[in-house]
Amino acid sequence: MSHIPPLDPNVAARKGFRESEERLKRFWKAVDVAEGKGGWAVTLDGRTPKTPAHAPLLLPTEAAGRLVAEEWAAQGEFIDPGTMPATRLASTAIDRVSQVREAVAEEIAAYAGSDALCYLADHPTSLVTRQAAAWGPWRDWAAADLGVVLAAAEGIVHCAQDPAAVARVKAHALSLDDFALTGLATAVPLLGSAVLGLALQRGALTGEAAFDLSRLEEAFQEEHWGVDADNAARTAARRAEAGLVDRWFRALEG
């Protein structure tokens, strides 16, 4: 989302993060987490690394701290930021989302105004039927559990949603702490759906299930036309991201 550009955890030094054009070598041996003032700190040889904005890398639960610590422990000779998505989420929550909560919630709510679950294909009938059967229960869930009532339509013509429903999504987003809000701001655009993002955040869906629901039409086309290697790689990467966000949300629960 535009208000929370990804933060890069690769520029680290013993006293925290710093900018560097060079690949940085792993500079620690032992990784752990320790409870302290303000949360659970990741520790590298007893020292707490810092975010790109030089804030301590503190997580709200031990489980979240350990999720991040596992990424640091798994690093090889050189630090690879591409293998540290939970660290990036934590840094984003601390450095960025905490400063722009209202704007982030607005962007999440905007997805409810054009939620993917509200736009069924107009053909072929087999795809329309599949989408209706898979997506209808989750629109019903949103209405019953969240008070978010969204209308559905066939085709690509815009289907205007009740402003009250969009406002409810924003309120749900703002009710979250910075870390859960960061996860939601990642999940919603990944899935193209505020409903699926909220279902994932609340544990009503797994990351795998939410991702599969988000790409019903893509999967339908693959069944009929096959899958090329590039698309398969992109799908695998997005599926892995959905799984990571799922683990992030569950870790935040404690």
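Things to note:
- Given (1) of a type in the set (Lys, Arg); (2) free of Cβ contacts under 8 Å to residues at least 24 places away in the same chain; (3) farther than 23 Å from PRO124 by Cβ, index of the condition LYS170 fails: (2)
- Selection from the stretch 213-246 of residues that are under 20 Å from ASP122 (Cα atoms), surrounded by 15 or more Cβ atoms within 10 Å (Cβ to Cβ) and of a type in the set (Asp, Glu): GLU217, GLU222
- Which listed residue, of SER214, SER193, is among the polar types (S, T, N, Q), modelled with pLDDT of 95 or more and closer than 16 Å to ALA109 by Cβ: SER193
- Note on the stretch 30-136: enclosed helices (runs of 4 or more DSSP H) holding 2 or more residues that are among the β-branched types (Val, Ile, Thr) and within 30 Å of PRO163 (Cα to Cα) are 101-112.
- Candidate set from the stretch 141-164 (those that are under 23 Å from the mean Cα position of the chain (by Cα) and outside any loop (DSSP other than H, G, I, E, B)); member that is surrounded by the most Cβ atoms within 10 Å (Cβ to Cβ): ALA142
- Per the listing THR206, THR235, the residue uniquely outside the structural domain of MET84 (by TED's automatic domain parsing), of a type in the set (Val, Ile, Thr) and touching a residue at least 40 places away in the same chain (Cβ under 8 Å) is THR206.
- Among (1) of a type in the set (A, V, I, L, M); (2) under 16 Å from the mean Cα position of the chain (by Cα); (3) not assigned by TED's automatic domain parsing to the domain that holds GLU241 - the single one ALA105 does not satisfy: (3)
- Count of residues meeting criterion [under 27 Å from the mean Cα position of the chain (by Cα), under 22 Å from ILE79 (Cα atoms) and at pLDDT below 95] in the stretch 27-44: 0
The values are calculated or read from the model by the stated rules, or taken from the named source; none is laboratory data. Since this is a predicted model, take the numbers as computed values, not measurements. Glycine also receives a Cβ, built like all others from the backbone with ideal geometry; neighbour counts cover every protein chain displayed.
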